[in-house]
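Before any comments, here is the structure.
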Amino acid sequence: MKASVLHELGAPPVVEELDLRSLRPHEVRVRLAASGVCHTDLSIRDGSMPALLPTTLGHEGAGVVAEIGSGVTRTKPGDHVVLSWVAPCRACLHCLRGAAHLCVHGLDHGFGDPYADGPAGPVWPAMGCGTLAEETLLPETAVIPISAELPLEQAALLGCGVLTGVGAVVRTAHVRPGETVLVVGCGGVGLAAVQGARLSGAARILAADPSPSARERALASGATHVIDPAADDVPAAARELTDGHGVDHGIEVVGLSTTIRSTYDATRRGGIVTVVGAGRFDDDVSIPALSLMADAKQIRGSVFGSTDPDRDLPPLVDLVLRGALDVNALVTRRIGLADVDGAFAAMTAAEVARSVVVFG
Ligand code: CXF
Ligand code: ZN
């Protein structure tokens, strides 16, 4: 089967033929129908996110079960499935407390034995998924059966971008009807956060992004106001649109200390700041100590949108099926497996929200 494989940090991935190893009892082999290209794939290419090399990129995909291991009970060949890059163990402290997104073993499947053999030797699946390939194999807990009604091309985006963005608003921030929300950064995850705010009944949804086309997409996803951070001060604009208070919820989807600080400043006293953007370890956020106490804002980290794929994917599928969640609004380009590096360039230039590889 063909896969988009990264051999060297900073280099473009190459399409090559891989042989998957045989299935273990609790693994599932999936034939991919579609896979999104996420910003984390670019971070892996550039070395700011860890992966064992060589690695098959991609961690946001959907497809059809081709084969199951002898111990698999939750899915069968022919099922339509969404893949999750968190494979909850259901036994660690976090899983037992209902926080599968924090599972201690959730990413083990990407950092264990190689999953395939290629022309240059063993290959690992990025984030345990390797969805930018015609096939992959995963632990059964990372394979979530869904209704066959939903086109798999739309289902593909649910496993990372949609769970992360909608989840951040619904499961981390707990946005309530009538509240005001600011989303800073309108790539694929930011647009999903805008849609999450709309689904939550937010009264005003402000979206900030320097790219005019990203702001257009935010409006199409439900933003009520857009802000150009290159032209306007985001906290000042947010205050102006909220009777001088600042927003109830600031959702940061960029991952820079500067945008996290500006999201904090745009959030009202007592409001909630949710950090979704994946930043760098050496980029410290500075917040005045007195403000941390006196303004009583809560700062929450949101990984995987604080979601549990088993609990949250089926209702998201229903929302897409009844037209309440518009996944197509996140897809701006359909590409082939050979175009992944072009997708990185388009993402860097903010030309697209999500590029999606569709397998023939
Ligand atoms: C990322 C967020 C930061 C940790 C790795 C995964 N999310 C999805 O792409
Ligand atoms: Zn991702």
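Per-structure values
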{"read-out": "Residue 84 of a type in the set (S, T, N, Q), touching an Asp or Glu at 6+ places or on another chain (Cβ under 7 Å) and buried (at least 22 other Cβ atoms within 10 Å of the Cβ)", "value": "no"}
{"read-out": "The one condition in (1) more than 22 Å from residue 313 (Cβ to Cβ); (2) small (Gly, Ala, Ser); (3) in contact (Cβ under 8 Å) with a residue 24 or more places away in the chain that residue 22 fails to fulfil", "value": "(3)"}
{"read-out": "Residue pairs meeting the criteria (Cβ under 9 Å; at least 6 apart or on separate chains; first on the phi > 0 side of the Ramachandran plot, in the stretch 40-53; second at pLDDT 95 or above and away from ligand 2 (no atom under 14 Å from the Cβ))", "value": "47/9; 47/10"}
{"read-out": "The listed residue being within 16 Å of ligand 2 (Cβ to nearest atom), hydroxyl-bearing (Ser, Thr, Tyr) and more than 16 Å from the chain's Cα centre (by Cα), out of 141, 136, 164, 131", "value": "136"}
{"read-out": "Unique residue being away from ligand 2 (no atom under 16 Å from the Cβ), in contact with a strand residue (DSSP E or B) (Cβ under 7 Å, 6 or more places away or on another chain) and of a type in the set (Gly, Ala, Ser) when the list is 193, 120, 173, 214", "value": "173"}
{"read-out": "Candidate set from the stretch 43-61 (those that are within 10 Å of ligand 1 (Cβ to nearest atom) and hydrophobic (A, V, I, L, M, F, W, C)); member that is surrounded by the fewest Cβ atoms within 10 Å (Cβ to Cβ)", "value": "49"}
{"read-out": "Every residue from the stretch 266-278 that is within 14 Å of ligand 1 (Cβ to nearest atom) and in contact with a strand residue (DSSP E or B) (Cβ under 9 Å, 6 or more places away or on another chain)", "value": "274, 275, 276, 277"}
{"read-out": "Only one of 318, 308, 265, 339 that is at pLDDT 95 or above, among the charged types (D, E, K, R), surrounded by 14 or more Cβ atoms within 10 Å (Cβ to Cβ) and under 17 Å from the mean Cα position of the chain (by Cα)", "value": "308"}
{"read-out": "Any chance residue 330 is within 16 Å of ligand 2 (Cβ to nearest atom) and either under 19 Å from the mean Cα position of the chain (by Cα) or surrounded by fewer than 23 Cβ atoms within 10 Å (Cβ to Cβ) (or both)", "value": "yes"}
{"read-out": "Pairs where the first residue, in the stretch 173-186, is of a type in the set (S, T, N, Q) and the second is assigned to a strand (DSSP E or B), C-beta under 9 Å, 6+ apart", "value": "180/204; 180/205; 180/206; 180/247; 180/248; 180/249; 180/268; 180/271"}
{"read-out": "Test: residue in the stretch 152-162 that is among the hydrophobic types (A, V, I, L, M, F, W, C), surrounded by fewer than 24 Cβ atoms within 10 Å (Cβ to Cβ) and closer than 16 Å to residue 1 by Cβ", "value": "no"}
{"read-out": "Wholly within the stretch 92-170, strands (runs of 3 or more DSSP E) carrying at least 3 residues that are closer than 30 Å to residue 273 by Cα and within 13 Å of ligand 1 (Cβ to nearest atom)", "value": "none"}
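Residue by residue, here is whether (1) farther than 22 Å from residue 143 by Cα; (2) away from ligand 1 (no atom under 16 Å from the Cβ); (3) among the basic types (Lys, Arg) holds:
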site	(1), (2), (3)
1	no, yes, no
11	yes, yes, no
34	no, yes, no
40	no, no, no
64	no, yes, no
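The values are calculated or read from the model by the stated rules, or taken from the named source; none is laboratory data. This is a predicted model, so every value here is computed, not measured. Ideal geometry is used to build each Cβ from the backbone, glycine not excepted, and the neighbour counts take in all protein chains shown.
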